[in-house]
Amino acid sequence: MLRENFGTDGRGNEAVVFTITNANGTQLKVTTLGAAIVSFIFRDKDGIMRDIVLGYDKAETYLLQKGYYFGATVGRYANRISNARIAINGVEYALEANSETNNLHSGSNGVSHKVWDVDRVDEEKNSVTMKIASGDLEQGFPGNMQIEVTFTLTEDDAVQIDYKAVSDKDTVANFTNHSYFNLAGHDGGYVGSQKLKIYADAFTPLAPALSIPTGEIRPVEGTPFDFTDFKEIGKEINDNCDQLVYAKGYDHNFVLHNGGKLGLMAEAVCEDTGIHLYAYTDRPGVQLYTGNFIEDHEGKNGAHYGERHGFCLEAQWFPDAVNNPAFEAPFLAAGEVYTSVTVYRLERV
Ligand code: GLA
């Protein structure tokens with residue numbers, strides 16, 4: 001496994017990047033800045049090696065483009081928390097309102113933007129474990145929390161992401177990975193012609209403003225949110241449907257039925273490259289975000305990135321679950337160990 005310098009976080013902390021390669025030549029790069037996936041390279045149907053996630057060449061660019069969370073581990077609480085407030089055991093905690101009146105992805109300086117420590121490297125298993133200590137009331141969340149993320153590149157061309165966290169006070173925990181996939185290659189442009197299937201027959205619609213779910217669980221049937229069979233991502237993305245207008249495309253949580261066990265959440269395929277993604281989680285929801293807010297800018301190796309050039313499948317608890325009595329909320333008791341698994345596996349068709 002190759003370990004190289006990846007730049008700094010501007011506060012004197014050096015980030016490193018690991019390159020992990022399996023026997024098939026599939027290659028994964030992960031950095032300690034934000035415990036992020038930097039690249040995921042797979043041979044396409046014509047033998048061309050394609051990097052299928054968006055990213056940057058060095059830590060400094062990630063920090064400059066903070067708002068996109070390319071490939072990052074997001075926490076301690078992914079997605080939105082309404083009014084940037086949570087209540088635990090009757091005590092209110094104020095969080096940073098970094099997305100209008102909401103807290104988004106734990107604020108502007110969450111673990112997604114910090115340099116993690118390298119805990120262990122397992123050459124045999126092709127895995128790297130990173131850890132970070134998040135202090136009591138850091139970003140407003142109660143409890144000193146020890147967080148660990150392990151990235152494993154398997155021999156069946158999957159990246160497996162294992163999360164573990166424990167806090168010394170009752171708190172909340174909801175970690176996700178924010179990779180943007182483009183199965184034509186990270187420089188492949190608009191993902192509209194790639195096909196997607198989501199293992200969900202319902203989604204959680206948003207209120208007209210601020211992107212907070214209303215609490216309704218709405219069947220996808222007969223709506224542009226129906227991905228129960230493979231459908232081009234772009235097929236209905238511009239439909240004049242209020243939910244799509246609110247979010248400028250898809251930026252919605254889908255309701256999964258895995259019963260808390262690792263199961264398929266989605267599949268996606270690009271016919272031009274023959275690359276097929278299988279995504280698995282043990283969480284109850286997945287946020288489909290179609291990169292609606294990516295502005296034109298330069299990514300890895302001079303690639304051009306822009307609006308809808310990638311899609312995210314963010315495994316998670318439902319957005320704002322901590323404030324919405326209709327949703328099950330991810331409270332974590334003091335001393336209880338939070339664990340979760342996400343897998344993104346590639347095949348050629
Ligand atoms: C999530 C949010 C989006 C956006 C992205 C990151 O998917 O729902 O609105 O903030 O993260 O840019």
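The values are calculated or read from the model by the stated rules, or taken from the named source; none is laboratory data. Small disclaimer: the values here were computed from a predicted structure and weren't measured. Ideal geometry is used to build each Cβ from the backbone, glycine not excepted, and the neighbour counts take in all protein chains shown. Quick note on the areas: whole protein, heavy atoms, side chains included, nothing else; ligands and nucleic acids left out. Shrake-Rupley method; radii C 1.70, N 1.55, O 1.52, S 1.80 Å.
Worth pointing out:
- Extension gain (nm, one decimal) between K125 and T101, 0.36 nm per residue minus Cα-Cα: 4.3 nm
- Between T273, T223, T32, the Gaussian network model of the chain with springs among Cα atoms under 10 angstrom shows the greatest mean-square fluctuation at T223.
- Spatially proximal aspartates and glutamates relative to K169 (Cα-Cα < 16 Å; intrachain offsets below 8 disregarded): E92, D136, E138, E336
- Here's how it looks for H252: its modeled amide H is under 5 Å from those of L288, which are all 5 or more places away or on a different chain.
- Residue of R11, R50, R283 that the Gaussian network model of the chain assigns the largest fluctuation, springs spanning Cα pairs under 10 Å: R11
- Calculated FRET value between E336 and D242, using beta carbons and R₀ = 51 Å, to 0.05: 0.80
- Principal axis analysis of the Cα atoms in region 64-223 yields extents of 48, 46, 32 Å, listed in decreasing size.
- Phi angles across region 12-19 convert, under the Karplus curve 6.51 cos²θ - 1.76 cosθ + 1.60 with θ = phi - 60°, into 3J(HN,Hα) values of x, 9, 8, 9, 10, 10, 9, 10 Hz, Gly and Pro given as x.
- q = 0.07, 0.14 Å⁻¹: log10 I(q)/I(0) that the Debye formula gives for the chain, counting C-alpha atoms only: -0.26, -1.15
- Kirkwood hydrodynamic radius over Cα pairs of region 217-349, then Stokes diffusion coefficient at 20 °C and 1.002 mPa s, in µm²/s: 128 µm²/s
- With every protein chain in place, the chain: carbon and sulfur % of accessible area (1.4 Å): 47 percent
- Accessible surface area normalised per residue over region 286-349 is 38 Å², counting heavy atoms of protein chains with a 1.4 Å rolling probe.
- When you count the other C-beta atoms within 10 angstrom of each residue and take the mean per peptide, 141-150, 294-303 line up highest first as 141-150, 294-303.
- The separation of region 181-216 from region 5-38, counted between C-alpha centres, amounts to 27 Å.
- Around the amide H of R308, modelled in the peptide plane, lie the amide H atoms of N292, F293, I294, all under 5 Å away and 5 or more residues distant in sequence or on another chain.
- Lys/Arg +1, Asp/Glu -1 at C-beta; region 44-154 dipole; positive extreme among T154, L63, G107: G107
- Taking the chain as a Gaussian network of alpha-carbon nodes connected by springs under 10 Å, the highest mean-square fluctuation of the residues D251, D51, D117 belongs to D117.
- Placed amide H near F227: partners under 5 Å, 5+ positions off or other chain: I198
- Under 18 Å from the Cα of K58 - lysines, other chains or at least 8 residues apart: K29, K66, K114, K300
- Computed from backbone phi with θ = phi - 60° and the Karplus coefficients 6.51, -1.76 and 1.60, the 3J(HN,Hα) list for region 175-183 is 9, 9, 9, 10, 6, 9, 9, 9, 6 Hz; x is used for glycine and proline.
- Translational D in µm²/s for region 169-224 (Stokes-Einstein at 20 °C, 1.002 mPa s, Kirkwood Rh from C-alpha pairs): 143 µm²/s
- Net dipole in debye of the chain [+1 Lys, Arg Cβ; -1 Asp, Glu Cβ; about Cα centre; nearest 20]: 200 debye
- Estimated at 0.36 nm per residue, the fully extended path between V118 and R348 surpasses their Cα-Cα distance by 79.6 nm.
- Bridging of K197 to aspartates and glutamates at a Cα separation below 18 Å is possible for E221, D226, D229, E232, E236, D251, E267, E271, D272, D282, E314, E347, once same-chain residues fewer than 8 apart are set aside.
- Couplings for region 263-278, taken from phi via the Karplus curve 6.51 cos²θ - 1.76 cosθ + 1.60 with θ = phi - 60°, read x, 5, 9, 6, 9, 8, 9, 10, 5, 5, 9, x, 8, 10, 9, 10 Hz in order; Gly and Pro are left as x.
- Computed about the Cα centre, the dipole magnitude for region 144-273 is approximately 340 debye when only Lys and Arg (+1) and Asp and Glu (-1) carry charge, each at its Cβ.
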